[in-house]
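Can you read through this structure? Questions will come right after.
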Amino acid sequence: MATTIKEIASLIGVSRGTVDRVLHNRGRVSPEVREKVYAAIKELGYEPNKAGRMLAAKKNPCCIGVFCPGSYNSFFDEIIRGMEEATEEYRDLGFSLKVSMVRGFDTEDHLKGLEDLVESGINALVSAPICNQQIIDYLSSLKIPSAVFNTDLDYGNKLYYVGSDYAEKGRIDAGLLMLTAKVKPRIIIVRGSDKFCGHSKIGRSFIETLEKAGFDFDIVGSVSTGDDDGKTEYALSRLLEANEVNTVFVTTAGLEGAVRAIGDRGILLFTSDDTPIVRKYIAEGKVAWTICQDPHMQGYMAIRKMQDYFISGIRPDDYITQHVIKIRESYS
């Protein structure tokens, strides 16, 4: 016999109306009660009338808003293509997409961008937010369904996360370095932004893995350049002039600037993602390897999970993309 809303309500001691508000995302329900409802749904194996909800979705068009710091980073182009693909597949059910991007990681720019997007009348939000208390408070206050992609952030009513396991990525980079290093690595780490939680996790995990293995290395410098090629070139050039360095790890974007700064010094350089500029420099032998996190699938699943949530009413699980190591031979 199918589980009913009444049984869910009875299990956790709330009214049927409360369960209905969570399932249909109507009205105000505290994060604590919302979590209890989701847990009960999972425990009892509740399956809503999917056909009925699909019909309701078709009658009530849903615009999913997307917010990210990608106006200058080709990595996000592939994410958006994945989102557009998911939207097109469900367009007949009334789903549409509205994308807003900002440049950089300034808190006020992000907060205003999020506010403007939400106030434009979207029905759900999927964002790649910076790690900041103002942003957390704002996302927690939203009365529409919201989720995060590319970088995880915990806040009260987050539905799910789609993206990379950045700690795993840092461990893989460390493992590759230990396998390939012929002399003691003297390393400069070029980070994106410490406001983006995923960016800082990569570097920490990289260093912790090397230390745990008892590997002999030195961190000569570590600099945050906001994924900006100009800032990367300037900061890295100064560090290279002042220090003896044989290894540079660009954890996110900024590779073009790093290549310009390194020039013909013969430094081991490795990086992240599978963008056109990364492929170019790997093919030229200027980059040893890159670790990709499947941006197209990130975008696709970030939207598909929100669409399925509107249709089923069941909270989606997180989706962690697989890491793929690519070297020069990967592109031959």
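No lab work stands behind these numbers, since they all come straight from the coordinates. Quantities reported herein were computed from a predicted structural model and do not represent experimental measurements. Using ideal geometry, Cβ is built from the backbone for each residue, glycine included, and neighbour counts are taken over all protein chains shown.
Of the listed pairs Lys280/Lys305; Lys98/Lys169; Lys184/Lys212; Lys184/Lys286; Lys42/Lys195, which have alpha-carbon separations greater than 27 Å here? Walk me through the intermediate numbers first.
On the way: Lys280/Lys305 33 Å; Lys98/Lys169 30 Å; Lys184/Lys212 16 Å; Lys184/Lys286 20 Å; Lys42/Lys195 34 Å.
From the list (Lys280/Lys305; Lys98/Lys169; Lys184/Lys212; Lys184/Lys286; Lys42/Lys195), the Cα-Cα distance tops 27 Å for Lys280/Lys305; Lys98/Lys169; Lys42/Lys195.
Can you give the extra length, in nm with one decimal, that the chain gains between Asp154 and Gln134 once fully stretched, where that is 0.36 nm per residue apart less the Cα-Cα distance?
Values: separation 20, 0.36 × 20 = 7.20 nm, distance 1.28 nm.
Result: 5.9 nm gained on full extension.
I want to check the label-to-label distance for Asp77 and Ala242. Put each point 7 Å from Cα in the C-beta direction and report it in nm to one decimal.
Distance between the two pseudo-spin positions: 3.5 nm.
Could you give me the ³J(HN,Hα) list for the range 268-275, computed from phi with Karplus coefficients 6.51, -1.76, 1.60 and θ = phi - 60°, whole Hz, x at Gly and Pro?
Ordered by residue, 3J(HN,Hα) equals 5, 10, 9, 8, 10, 6, 10, 8 Hz.
What list do you get for Ser120, Ser140, Ser100, Ser146 if you sort them by fewest beta carbons within 10 Å?
Ordered from fewest to most neighbouring Cβ atoms within 10 Å, Ser120, Ser140, Ser100, Ser146 come out as Ser120, Ser140, Ser100, Ser146.
Given that just one value was derived from the coordinates, which of [x] 46, 22, 17; [y] 32, 26, 18; [z] 42, 20, 18 is semi-axes √(5λ) of the Cα gyration tensor in Å?
Answer label, from the structure shown: [z].
Which of Ala167, Ala261, Ala242 moves the most in a Gaussian network model of the chain with Cα springs under 10 Å?
In the Gaussian network model the winner is Ala242.
Report the FRET efficiency, 1/(1 + (r/R0)^6), for Lys212 and Glu108, where r is their Cβ-Cβ distance and R0 is 35 Å, rounded to 0.05. Can you show the working numbers first?
On the way: r = 39 Å, r/R0 = 1.11.
FRET efficiency, Lys212 to Glu108: 0.35.
Moving to a separate point now. Between Met178 and Tyr234, what FRET efficiency follows from the Cβ-Cβ distance if R0 is 22 Å, with the result rounded to 0.05? Mind dumping the intermediate values first?
On the way: r = 30 Å, r/R0 = 1.38.
The computed FRET efficiency comes out at 0.15.
Under a point spin-label approximation (7 Å from Cα along Cα-to-Cβ), what is the Asp264-Ile327 distance to one decimal in nm?
Modelled inter-label distance: 2.6 nm.
Name the residues whose placed amide hydrogens come within less than 5 Å of the amide hydrogen of Ser127, ignoring near sequence neighbours (fewer than 5 apart) on the same chain.
Hits under the 5 Å cutoff: Phe67, Ala147, Val148, Phe149.
Same structure, new question: For the range 79-88, in order, what is each residue's ³J(HN,Hα) by Karplus, 6.51 cos²θ - 1.76 cosθ + 1.60 with θ = phi - 60°, in whole Hz (x at glycine and Pro)?
So the J values, rounded to whole Hz, are 4, 5, 4, x, 5, 5, 5, 5, 5, 5.
Right, here's the next one. Tell me which residues come under 5 Å, amide H to amide H, from Thr252 once H is placed; ignore anything under 5 positions away on its chain.
So Thr252 has HN proximity to Gly192.
Another question about this same structure. Just grab the label-to-label distance for Ser10 and Ile144, each label 7 Å out from Cα along the Cβ direction, in nm (one decimal).
Between Ser10 and Ile144, the simple spin-label model gives 3.7 nm.
Quick one: order Glu108, Glu211 by neighbouring beta-carbon count within 10 Å, fewest to most. Display every interim value, and only then the final one.
Working: Glu108 8, Glu211 11.
Sorted ascending by nearby Cβ count, the order is Glu108, Glu211.
Anyone know which of Leu125, Leu44, Leu97 comes out most mobile in the 10 Å Cα GNM of the chain?
Sorting by GNM fluctuation, first place goes to Leu44.
Separate question: Round to the nearest 0.05 the FRET efficiency obtained for Ser222 and Leu44 when R0 = 45 Å and r is the Cβ-Cβ distance.
On the way: r = 49 Å, r/R0 = 1.09.
It comes out at approximately 0.40.
Mind listing the long-range amide H neighbours of Val102? Cut-off is under 5 Å, sequence gap 5 or more, other chains count too, H placed in the peptide plane at 1.01 Å from N.
Cys68, Gly70, Ser71
So what J values fall out for the range 96-112 if you push phi through Karplus, 6.51 cos²θ - 1.76 cosθ + 1.60 with θ = phi - 60°, rounded to Hz, Gly and Pro as x?
9, 10, 9, 9, 10, 10, 10, 9, x, 10, 6, 4, 5, 5, 5, 5, 5
Among Ser200, Ser237, Ser30, which comes first, then next, by fewest other beta-carbon atoms within 10 Å? Mind dumping the intermediate values first?
Values: Ser200 19, Ser237 16, Ser30 11.
Ascending Cβ contact count within 10 Å gives the list Ser30, Ser237, Ser200.
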